[in-house]
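**Student:** The following block contains the structure, expressed as structure tokens.
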Amino acid sequence: MTSADPNGRLPEPDAAPDEGAAGVFGLVHPDWTLADWLVHVERLHPVGIDMTLARTREVAQRLGLRFGVPVVMVAGTNGKGSTCAMLEAIALRSGYRVGLYSKPHLVHFEERCRLNGQMVEPAALLPHFQAVEAVRADITLTYFEFTTLAIMRLLSQAALDLVILEVGLGGRLDAVNIVDADVSVITSIDLDHTEYLGPDRESIGREKAHIMRSGRAAVVSDPLPPSSVLAHAQSVGADLWLAGRDFAHGGDRQQWHWKGRARRYHALSYPALRGANQLINASGVLAAFEALADRLPITAQAVREGLALVELPGRFQIVPGQPVLVLDVAHNPHAVATLAVNLDQMGFYPRTFAVFGAMRDKDLAQVVQPLLPLVSQWHVCGLPTPRAATGQELREVLQRAGAGDSSVVGHDTPAQALQAALCAADPADRILVFGSFWTVGGVIAQGLPKLGSAHGR
């Protein structure tokens with residue numbers, strides 16, 4: 001098997017592959033749709049999560065996968081999606097061609113890959129699925145490994161100026177980490193996926209810090225990073241950018257400002273993304289751009305326009321109506337605690353109805369705790385994946401946490417739970433849909449709910 005250097009860099013292939021529809025590998029299953037491919041890759045590997053890079057590196061080497069433009073890689077527990085979205089928005093307003101790989105998706109798989117701000121067409125992904133299948137031979141890839149290779153191959157062959165890669169689980173053994181990023185960004189770190197990443201912030205931070213590379217910028221936007229992150233940066237010789245030391249932000253209710261090692265931005269408007277932590281994420285984004293300034297310079301106007309126009313569905317997304325609807329994919333204790341703060345800052349609502357579905361492997365008792373004082377009635381639901389907690393399991397969690405029996409109602413699907421909440425709510429109330437991506441995706445599968453005076457009833 002092909003070996004990599006200590007930084008994880010793939011060796012250069014002997015010859016570049018053909019740039020045709022499926023490269024020199026020929027067409028494999030030419031009649032398959034994207035849905036057919038996704039069913040196929042789900043069945044390839046005996047387990048859904050298999051933490052290793054060996055298989056992904058080997059197939060990437062066979063593909064000749066490499067990038068010829070700057071790559072920014074983003075890891076962390078919370079704030080990854082917002083950070084990637086702001087990086088993309090500012091770069092686009094600067095006139096650059098941008099490719100983005102993010103995950104998971106809310107409704108459609110192709111949401112995971114964006115070219116110049118637009119979701120790719122399913123047909124554009126097919127030759128890259130075919131290419132991965134053609135070279136993997138006897139190597140069994142997980143769903144995440146296979147789809148990551150296909151999307152990264154698409155991005156590597158597109159005419160781009162910048163590629164943004166969001167890490168999925170952890171960092172050290174995440175399939176994205178076969179790439180040597182020019183800049184790595186680590187957002188806030190908290191407890192999540194502890195069965196894979198470790199039981200505390202130090203362990204989790206150590207896993208995420210492995211996206212850093214020797215001599216390259218490593219931006220840590222977490223204001224209080226675990227010491228393991230700092231130690232790993234020193235051990236690999238990364239160019240560490242720390243919040244509060246190498247870059248910082250401040251401001252008032254009207255505007256904010258940012259300063260880095262050599263650049264400053266004044267009189268900035270707040271990002272279009274709502275939430276208490278978005279300035280922390282935006283500050284790390286500006287540090288990443290300063291680190292890339294010699295290759296991808298940006299203007300203050302691009303920063304202002306990008307932050308004003310950035311969008312990210314499902315992250316404290318407020319849908320106006322009567323009642324108002326809030327969509328948030330917060331699904332770990334830290335993210336839900338932030339969600340509770342954001343809800344509290346929205347103003348007064350007589351009652352809040354929560355639609356909630358989540359994975360069984362989360363610390364569900366801690367997840368629901370911050371919202372107990374705010375939620376008047378819970379509408380819990382199952383989700384169409386084996387990992388999900390059932391409605392009955394969620395009901396028991398809430399009852400043990402102190403929610404009254406009459407305040408918890410079970411449903412089969414998120415859409416049914418939302419409809420029941422709508423029927424129970426008055427126009428002046430508020431409905432919160434939160435938890436897993438499956439939960440938010442389940443209520444927007446047919447489009448964003450339009451809750452006017454009739455409330456979709």
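**Student:** So is Leu448 at pLDDT below 95 and in a loop (DSSP other than H, G, I, E, B) or not?
**Tutor:** Considered against the rule, which asks whether it is at pLDDT below 95 and in a loop (DSSP other than H, G, I, E, B), Leu448 comes out as yes.
**Student:** Assess whether Val375 counts as being among the aliphatic types (A, V, I, L, M) and touching a residue at least 60 places away in the same chain (Cβ under 8 Å).
**Tutor:** For Val375, the condition - among the aliphatic types (A, V, I, L, M) and touching a residue at least 60 places away in the same chain (Cβ under 8 Å) - is not met.
**Student:** Within the range 251-263, count every residue that is surrounded by fewer than 16 Cβ atoms within 10 Å (Cβ to Cβ) and either farther than 19 Å from Ala218 by Cα or not assigned by TED's automatic domain parsing to the domain that holds Ala218 (or both).
**Tutor:** Number of matching residues: 6.
**Student:** Pairs, please: C-beta under 6 Å, at least 6 apart or cross-chain, first residue in contact (Cβ under 8 Å) with a residue 12 or more places away in the chain and in the range 341-368, second part of a helix (DSSP H, G or I) and small (Gly, Ala, Ser)?
**Tutor:** Sorted first by the residue in the range 341-368, then by its partner, the pairs are Phe353/Ala421; Val355/Ala417; Val355/Ala421; Ala365/Ala401; Val368/Ala401.
**Student:** Under 6 Å by Cβ, and 6 or more places apart or on different chains, what pairs join a residue from the range 271-286 that is more than 18 Å from His334 (Cα to Cα) and at pLDDT 95 or above with one that is of a type in the set (A, V, I, L, M) and in a helix (DSSP H, G or I)?
**Tutor:** Close Cβ pairs satisfying both conditions: Ala282/Met86; Val285/Met86; Val285/Leu87.
**Student:** Still on this model: Residues being among the polar types (S, T, N, Q) and closer than 17 Å to Thr77 by Cβ: count how many of those fall in the range 222-253.
**Tutor:** 2
**Student:** If you don't mind, another one. List, please: which pairs have Cβ atoms under 6 Å, are six or more places apart or on different chains, and start with a residue in the range 99-124 that is among the β-branched types (Val, Ile, Thr) and end with one that is part of a loop (DSSP other than H, G, I, E, B)?
**Tutor:** Cβ pairs passing all conditions: Val107/Ala445.
**Student:** Condition first: assigned to a helix (DSSP H, G or I) and of a type outside the set (D, E, K, R). Now tell me which residues in the range 343-376 satisfy that.
**Tutor:** Once the filter is applied, which keeps residues that are assigned to a helix (DSSP H, G or I) and of a type outside the set (D, E, K, R), the range 343-376 yields Leu343, Leu364, Ala365, Gln366, Val367, Val368, Gln369, Pro370, Leu371.
**Student:** Does Ala60 satisfy the condition of being aliphatic (A, V, I, L, M), over 13 Å from Leu155 (Cα atoms) and over 18 Å from the mean Cα position of the chain (by Cα)?
**Tutor:** Judged against the criteria, Ala60 is a match.
**Student:** Tell me, which residue of the range 388-417 that is in a helix (DSSP H, G or I) and within 24 Å of the chain's Cα centre (by Cα) is nearest to Trp378 (Cα to Cα)?
**Tutor:** The qualifying residue nearest to Trp378 (Cα to Cα) is Pro414.
**Student:** How many residues does the range 18-35 hold that are surrounded by 14 or more Cβ atoms within 10 Å (Cβ to Cβ) and modelled with pLDDT under 50?
**Tutor:** 4
**Student:** Here are the criteria: (1) assigned to a helix (DSSP H, G or I); (2) surrounded by 20 or more Cβ atoms within 10 Å (Cβ to Cβ); (3) aliphatic (A, V, I, L, M). Tell me which single one Ala308 does not satisfy.
**Tutor:** Answer for Ala308: the failing condition is (2).
**Student:** For residues that are modelled with pLDDT of 85 or more and of a type in the set (S, T, N, Q), scanning just the range 36-68, find the one that is surrounded by the fewest Cβ atoms within 10 Å (Cβ to Cβ).
**Tutor:** Going through the qualifying residues, I end up with Gln61.
The values are calculated or read from the model by the stated rules, or taken from the named source; none is laboratory data. All of these numbers come straight from a predicted model, not from anything done at the bench. Quick reminder, even Gly has a Cβ in these numbers, built from the backbone with ideal geometry, and neighbours come from all protein chains shown.
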